[in-house]
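Please read the structure below before turning to the comments.
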Amino acid sequence: MTLAPDSAALRQPNDLESFWLPFTPNRAFKRAPRLLVRAKDMHYYTADGRAVLDGTAGLWCSNAGHSRDPIVAAIARQAEALDYAPAFQFAHPQAFELASRVAALAPADLDRVFFCNSGSEAVDTALKIALAYHHVRGEGARTRLIGRERGYHGVGFGGISVGGIVNNRKFFGALLAGVDHLPATYNREHQAFSKGEPQWGAHLADDLERIVALHDAATIAAVIVEPMAGSTGVLPPPQGYLERLRAICDRHGILLIFDEVITGFGRLGHAFAAERYGVTPDLIAFAKGVTSGSVPMGGVIARGGIYDAFMRGPEQAIELFHGYTYSAHPLACAAGLAALDLYRDEGLFERARGLEPLFADAAMALKELPGVLDIRTVGLTAGIDLAPRAGAPGARAAEAMNRAFHDEGLMIRVTGDTIALCPPLIVREAQIGEMFVKVARVIRATA
Ligand SMILES: Cc1ncc(COP(=O)(O)O)c(C=O)c1O
């Protein structure tokens with residue numbers, strides 16, 4: 001669909017004051033806004049019609065590309081047929097259909113799906129399911145949750161408590177009690193410029209044994225990690241690390257939660273990172289790619305045995321006191337079904353897997369540019385660490401993002417002084433080349 005030039009969607013906003021932007025320096029943004037008015041496939045468009053190549057699948061979510069016709073049509077049809085239906089005590093058919101399609105993509109017996117609306121809600125839902133699971137089994141003393149330094153699990157109180165990014169935690173009080181953290185898996189000295197999973201670092205999983213010895217396994221409910229830590233700057237797991245975490249959790253009856261909000265739906269060349277790594281968690285938190293970012297949706301996939309543990313007691317009694325007004329929202333379900341069809345019909349997960357070597361080579365070719373400290377790649381994802389400016393951490397990458405957008409017509413994501421790239425899975429080889437040529441120019445320009 002092409003919008004007429006006078007379409008309301010293409011207008012400049014009436015004023016920039018009222019909207020408080022999330023995770024954004026508001027005053028700097030409002031002085032030089034980066035406004036997007038339209039998107040199609042691999043590109044965003046600005047109000048003056050400039051195309052911007054999407055190097056970040058929006059915010060790690062638009063895996064099938066933007067405003068894809070089958071998804072747009074499915075949302076429109078659903079809005080007309082059934083705009084909303086509650087999922088408390090009622091339901092609609094697409095919720096069941098999407099749950100079974102998501103379950104079919106998940107490994108092993110991960111076959112029960114709980115829906116919510118975002119990654120943050122997915123994480124909090126997973127943590128609550130883990131706690132309640134132990135409770136209904138008579139192990140109510142298992143209340144501790146273990147996260148990891150540098151982990152990002154969204155912004156709910158559960159997520160920031162198990163998360164390990166200081167700025168996301170320090171302003172918000174005491175957080176959840178009874179949380180401990182594994183060490184981060186990154187070590188530049190041992191891992192710099194690794195393609196895929198670094199060889200060094202599996203032993204860091206053994207810190208879980210130290211935590212178990214400290215608190216006793218009988219007090220620990222779950223461990224949550226991102227299989228590949230995306231938001232902190234693309235940290236693939238060391239070879240063997242996830243296997244080791246799984247083994248320790250098994251030894252002590254601790255649930256293992258994979259936060260696959262970024263890694264789910266093809267980012268690492270498989271439906272889920274659990275499949276890529278051959279490690280089966282007990283719960284998977286997902287969001288983003290499930291609808292290719294088109295309608296907010298998240299969820300948790302649970303192993304059958306976890307669901308079964310709740311299905312006891314009187315049949316008329318609610319088993320889990322948790323849910324959201326918009327759980328399994330009809331528009332999100334319709335968008336999800338259409339997105340999963342696209343992933344399947346266009347073979348997009350396999351496509352990401354096939355493009356991984358080329359993507360990794362293109363990223364690593366930036367190694368010798370001025371002030372590049374490390375480059376990491378995995379799936380269709382790359383993290384590039386830039387040397388920060390003295391006394392101004394983050395300033396160089398922020399300038400790189402601005403230059404990429406205004407001068408190069410490229411959207412990149414930055415966190416601290418790290419550039420992250422994670423294009424939609426429909427990206428063509430030539431566009432990968434274009435992306436890294438542009439990134440190379442902004443790295444040189446900001447050196
Ligand atoms: C691993 C992970 N978990 C949770 C979230 C939070 O998702 P949302 O922003 O949809 O709440 C994110 C967002 O980037 C994420 O990367």
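The values are calculated or read from the model by the stated rules, or taken from the named source; none is laboratory data. All of these numbers come straight from a predicted model, not from anything done at the bench. All Cβ positions, even for glycine, are placed from backbone atoms using ideal geometry, and neighbour counts span all protein chains on display. Surface accessibility is based on the protein's heavy atoms, side chains included, excluding ligands, DNA and RNA. Shrake-Rupley method; radii C 1.70, N 1.55, O 1.52, S 1.80 Å.
When peptides 171-181, 326-336, 13-23 are sorted by average Cβ neighbour count within 10 Å, with the highest value leading, the order is 326-336, 171-181, 13-23. Around the Cα centre of the stretch 233-276, unit charges on the Cβ atoms of Lys, Arg, Asp and Glu (plus for the first two, minus for the last two) sum to a dipole of about 100 debye. Taking the Cα centre of the chain as reference, the dipole from Cβ charges on Lys and Arg (+1) and Asp and Glu (-1) amounts to some 980 debye. Treating r as the C-beta distance of A445 and A85 and R0 as 56 Å, the FRET efficiency rounds to 0.60.
With the full set of protein chains in place, find how many percent of the accessible area of the stretch 22-169 is carbon and sulfur; take the probe as 1.4 Å.
Details: 3980 of 6970 Å².
Reported share for carbon and sulfur atoms: 57 percent.
In this structure the amide hydrogen of V378, modeled in the peptide plane, comes within under 5 Å of the amide hydrogens of G196, none closer than 5 places in sequence on its chain. Place a point 7 Å from the Cα of A398 along the Cα-to-Cβ direction; which residues of the stretch 16-32 have their backbone N under 12 Å from it? Zone members listed by number: 24-32.
Once phi is turned into ³J(HN,Hα) by the Karplus curve 6.51 cos²θ - 1.76 cosθ + 1.60 with θ = phi - 60°, what whole-Hz value does each residue of the stretch 439-447 show in order, with x for glycine and proline? Rounded to whole hertz, the list is 5, 4, 5, 6, 5, 5, 5, 9, 5. Rounded to the nearest 5, what % of DSSP beta bridges with both residues in the chain are antiparallel? Percentage antiparallel, nearest 5: 65. Taking amide H as placed 1.01 Å from N in the peptide plane, the amide H of L386 sits under 5 Å from that of L373, T418, I419, each at least 5 places away or on another chain.
3J(HN,Hα) along the stretch 88-100: 8, 6, 9, 6, 9, x, 5, 5, 5, 5, 5, 4, 6 Hz, from the Karplus curve 6.51 cos²θ - 1.76 cosθ + 1.60 with θ = phi - 60°, whole Hz, x for Gly and Pro. Computed 3J(HN,Hα) for the stretch 181-190, one whole-Hz value per residue from the Karplus formula 6.51 cos²θ - 1.76 cosθ + 1.60 where θ = phi - 60°, is 10, 6, x, 4, 8, 8, 8, 4, 4, 9, glycine and proline marked x.
Placing a label point 7 Å from the Cα of L59 along the Cα-to-Cβ direction, the residues of the stretch 139-159 whose backbone N falls under 11 Å from that point are 154-155.
Solvent exposure of the chain amounts to 43 Å² per residue of accessible area, where only protein heavy atoms count and the probe is 1.4 Å. Legend: residue pairs K40/K367; K128/K288; K30/K288; K40/K128; K170/K195; K30/K438, Cα-Cα distance threshold 30 Å; pairs beyond threshold, K40/K367; K40/K128; K170/K195.
First check a/c for the stretch 231-339, with a ≥ b ≥ c the square roots of the eigenvalues of its C-alpha gyration tensor; if it is under 1.5, answer rounded, and if not, answer prolate when a/b is larger than b/c or oblate otherwise. Oblate is the answer for the stretch 231-339, as a/c is 1.5 or above yet b/c matches or exceeds a/b.
Could you compute the net charge surrounding E121? Neighbours are other residues with a C-beta less than 14 Å from the C-beta of E121; K and R count +1, D and E count -1. Walk me through the numbers before you get to the answer.
Working: positive: K128, K288; negative: D124, D259.
Result for the neighbourhood of E121: 0.
In the chain, a dipole from Cβ-located charges (positive for Lys and Arg, negative for Asp and Glu) runs towards its positive end, and of L35, G383, Y152 it is L35 whose Cα lies farthest in that direction.
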